[in-house]
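No lab work stands behind these numbers, since they all come straight from the coordinates. This structure is a prediction, so every number in the text was calculated from the model and none was measured. Every residue, glycine as well, gets a Cβ built from its backbone with ideal geometry; the counts of neighbours run over all protein chains shown.
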Amino acid sequence: MKINYALALVALALVGCGSGQKPESSPGVANNRPLPLVAFSQANSADPWRQVFDADTKTAAEKHADAMSYEMQAAEDDPNKQINVIETFMLKNPKVLLVSPATEAVQSATDKAFDKGIPVILLDREVQGDKWTAYIGGDNREIGRQAGQFIVEKLGGTGTVLMVQGISDIKPTIDRREGAMESFQNAPGIKVIFGDDCKYQRQAAQSYMESFLQSRKAFDAVYAHNDEMAIGALMAYQASANKPAKRPLFVGVDGCQQEVIQMIKDGLLDATFKYPGPGPKAIELAAEILKGKQPTEKRIILPTIKVTKDNADQYMIDNPNLAN
Ligand code: FRU
């Protein structure tokens, strides 16, 4: 009987929830009863930051395997797909819903879940309104400020910064831009060119940079809202016949890839700013909620670390779970 029940659950997990990509899941059973479900709707699982985020969250959930079952499904950064994922999760009666929104457009689904009494924990990106239990994310404004300050100092207060931007209407992008502008506005010799929305993707940033370089506009630094776009811009620069005479600075955000830290050590990129993954903290919070405790803080903001040539080796040692 026990075995049959376990087999049925495994079969259920293999069938998945029928909305495109297969969910990652660890269906737990205790005393012949399924464990409470912590369901995680991830914006996408395509880029390195999200892959580390997914792995860390799964590892954290496995540490609570006696208290929760855990399921994650990604949505290719498409809000409509993510709304479907959340609605399908709701049919499984989750006890906590973790959501890293693709965009604010998923609010209709998070609001519905919250109205049904499901604690909703938002991760990294946000939605409007207050129908959520807690938010966990990095300090994007501070990251922007520090990135801006780093560039101002390196350029000696004078020069043109090309800002390669992430998805235009989400909070991390707005904060990374506005934080940097605070630093740039304190340095009257700095000019900013607002680059295109390159969707936080390497390839899009590379194509954008190729056409930007063809315009032969002068620039002294690239500030990309994530490392993938910094690498894309760098690759276009390296391949271009229209390079500025002096090598520009390249600065990114995330600090989650060995490749990036190696590029910093090699002097190809100048700095990145760690954008800590919110997954482990989210699982900790979910475990507390399952025990009947309410979160004491509504917004949990995780600190950044500046990574340059000076601390790149130490950063590798301190962060053993970087993406390959
Ligand atoms: C991954 C990502 C990260 C970035 C975050 C912002 O999808 O683009 O690179 O830091 O999302 O929401």
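Overview of results
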| item | result |
| --- | --- |
| Subset tally (residues that are touching a Gly at 6+ places or on another chain (Cβ under 9 Å), part of a helix (DSSP H, G or I) and more than 17 Å from K246 (Cα to Cα)) for the range 209-229 | 3 |
| Tally of residues being surrounded by fewer than 24 Cβ atoms within 10 Å (Cβ to Cβ) and not β-branched (V, I, T) across the range 223-249 | 16 |
| Test result for I143, within 12 Å of the ligand (Cβ to nearest atom), farther than 25 Å from I83 by Cα and β-branched (V, I, T) | yes |
| Candidates Q262, Q257, Q294, Q314 - the one that is farther than 28 Å from S168 by Cβ and under 21 Å from the mean Cα position of the chain (by Cα) | Q262 |
| Within the range 128-178, tally of residues that are among the small types (G, A, S), outside any loop (DSSP other than H, G, I, E, B) and buried (at least 21 other Cβ atoms within 10 Å of the Cβ) | 6 |
| Condition met for V106 (crowded, with 21+ Cβ neighbours inside 10 Å, within 16 Å of the ligand (Cβ to nearest atom) and not aromatic (F, W, Y)) | yes |
| Options V120, V127, V164, V152; residue that is over 21 Å from the mean Cα position of the chain (by Cα) and either closer than 25 Å to L302 by Cβ or among the β-branched types (V, I, T) (or both) | V152 |
| Subset tally (residues that are over 18 Å from the mean Cα position of the chain (by Cα) and in a helix (DSSP H, G or I)) for the range 90-106 | 2 |
| Residue list for the range 70-88, filter: away from the ligand (no atom under 16 Å from the Cβ) and either of a type in the set (D, E) or under 21 Å from I136 (Cα atoms) (or both) | Y70, E71, I83, I86, E87 |
| The range 146-190, residues that are farther than 13 Å from F273 by Cβ and of a type in the set (D, E) | E153, D169, E178, E182 |
| Lone qualifier among K298, K243, K293 - being away from the ligand (no atom under 16 Å from the Cβ), in contact (Cβ under 8 Å) with a residue 40 or more places away in the chain and of a type in the set (K, R) | K298 |
| Whichever residue in the range 266-279 is surrounded by 15 or more Cβ atoms within 10 Å (Cβ to Cβ) and more than 16 Å from the ligand (Cβ to nearest atom) and, among such residues, is farthest from G144 (Cα to Cα) | L268 |
| Subset of the range 156-178 [within 16 Å of the ligand (Cβ to nearest atom) and under 30 Å from A245 (Cβ atoms)] | M163, V164, Q165, G166, R176, R177 |
| Every residue from the range 179-193 that is more than 16 Å from the ligand (Cβ to nearest atom) and either buried (at least 21 other Cβ atoms within 10 Å of the Cβ) or more than 17 Å from G232 (Cβ to Cβ) (or both) | M181, E182, S183, F184, Q185, N186, A187, P188, G189, I190, K191, V192 |
| Total residues in the range 62-89, condition out of contact with any strand residue (DSSP E or B) (no Cβ under 7 Å at 6 or more places or on another chain) and either part of a strand (DSSP E or B) or farther than 19 Å from W132 by Cβ (or both) | 10 |
| Index of the failed condition, A282 passing every other in (1) outside any helix (DSSP H, G or I); (2) closer than 30 Å to A65 by Cα; (3) within 16 Å of the ligand (Cβ to nearest atom) | (1) |
